[in-house]
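The values are calculated or read from the model by the stated rules, or taken from the named source; none is laboratory data. Note that the structure is a prediction, hence the values are computed from the model and not measured. No Cβ is skipped: glycine too gets one built from the backbone with ideal geometry, and neighbour counts run over all protein chains shown. The accessibility values were calculated without ligands, DNA or RNA, using every heavy atom of the protein model including side chains. Shrake-Rupley method; radii C 1.70, N 1.55, O 1.52, S 1.80 Å.
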Amino acid sequence: MATERTFSIIKPDATKRNITGKVIDRLEGAGLRVIASKRIQMTREQAEGFYGVHRERPFFADLCDFMTSGPVVVQVLEGENAVAKNREVMGATNPADAAPGTIRADFAESIEANSVHGSDAPETAAEEIKFFFTEQELVG
Ligand code: RTP
Ligand code: MG
């Protein structure tokens, strides 16, 4: 299996509770390597652009409110099968449906405040990485 990159966000509910280290520990424990990381306050414009695909969904405005409600940590993860592996470690979107031992099962507060984001495909990952990082910021 080829080495792959994916994009991750530690969301405001997790930074608020000071558990970014615990989240990263799960990612590293699954064999994913953090090759870029920064803590940022997302602007409204960034949140609306990043989640543009969900613009027509009923939860879009709430989601943008949430994602700009506090700091987030944006990261690039590298590893074998990184996109699928990250989604596996994250667990289902709704923590009530997330498998035991996943980040969302153990840490998420709700379907919205679900602690992490992870790209859903290699193509999306490439777009999302470009949205927040320059090539020079990726140090493998
Ligand atoms: P993500 O994109 O954050 O990794 O999560 P995902 O693929 O599991 O979920 P997605 O369907 O892409 O939704 C993006 C984020 O929107 C929030 N959400 N709220 N209130 C709701 O019904 C609802 N549904 C989704 C979550 O924060 C979700 O991660
Ligand atoms: Mg998604």
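Cβ separations smaller than 9 Å between residues 6+ apart or across chains give the following pairs from segment 67-83 residues that are free of Cβ contacts under 8 Å to residues at least 60 places away in the same chain to residues that are within 15 Å of ligand 2 (Cβ to nearest atom) and in a helix (DSSP H, G or I): Met67/Ala47; Met67/Phe50; Thr68/Ala47. Within segment 98-109, being surrounded by fewer than 16 Cβ atoms within 10 Å (Cβ to Cβ) and either within 16 Å of Met42 (Cβ to Cβ) or in contact (Cβ under 8 Å) with a residue 40 or more places away in the chain (or both) holds for one residue alone: Glu109.
So is Arg87 open to solvent by less than 60 Å² (accessible area, probe 1.4 Å), within 13 Å of ligand 1 (Cβ to nearest atom), under 28 Å from Thr3 (Cα atoms) and of a type in the set (Lys, Arg) or not? Considered against the rule, which asks whether it is open to solvent by less than 60 Å² (accessible area, probe 1.4 Å), within 13 Å of ligand 1 (Cβ to nearest atom), under 28 Å from Thr3 (Cα atoms) and of a type in the set (Lys, Arg), Arg87 comes out as no. If I filter segment 30-45 for residues that are in a helix (DSSP H, G or I), open to solvent by less than 70 Å² (accessible area, probe 1.4 Å) and modelled with pLDDT of 95 or more, do I get at least one hit? Within segment 30-45, not a single residue is in a helix (DSSP H, G or I), open to solvent by less than 70 Å² (accessible area, probe 1.4 Å) and modelled with pLDDT of 95 or more. Looking at segment 4-14, is at least one residue away from ligand 2 (no atom under 16 Å from the Cβ), touching a helix residue (DSSP H, G or I) at 6+ places or on another chain (Cβ under 8 Å) and open to solvent by 20 Å² or more (accessible area, probe 1.4 Å)? Among the residues of segment 4-14, at least one is away from ligand 2 (no atom under 16 Å from the Cβ), touching a helix residue (DSSP H, G or I) at 6+ places or on another chain (Cβ under 8 Å) and open to solvent by 20 Å² or more (accessible area, probe 1.4 Å), which makes the answer yes. Beta carbons closer than 6 Å, at least 6 apart along the sequence or on distinct chains, pair a first residue in segment 111-123 that is over 17 Å from Arg17 (Cα atoms) and open to solvent by less than 10 Å² (accessible area, probe 1.4 Å) with a second that is among the hydrophobic types (A, V, I, L, M, F, W, C) and within 12 Å of ligand 2 (Cβ to nearest atom) for Gly118/Met90; Ser119/Phe7; Ser119/Val83; Ser119/Ala125.
Checked against (1) away from ligand 2 (no atom under 12 Å from the Cβ); (2) closer than 19 Å to Thr3 by Cβ; (3) open to solvent by 30 Å² or more (accessible area, probe 1.4 Å); (4) in a helix (DSSP H, G or I), Asp65 passes all but condition (2). Inspect all residues belonging to segment 49-61 and state whether any of them is more than 16 Å from ligand 1 (Cβ to nearest atom), of a type outside the set (A, V, I, L, M) and either open to solvent by less than 60 Å² (accessible area, probe 1.4 Å) or in a helix (DSSP H, G or I) (or both). Checked segment 49-61: no residue is more than 16 Å from ligand 1 (Cβ to nearest atom), of a type outside the set (A, V, I, L, M) and either open to solvent by less than 60 Å² (accessible area, probe 1.4 Å) or in a helix (DSSP H, G or I) (or both).
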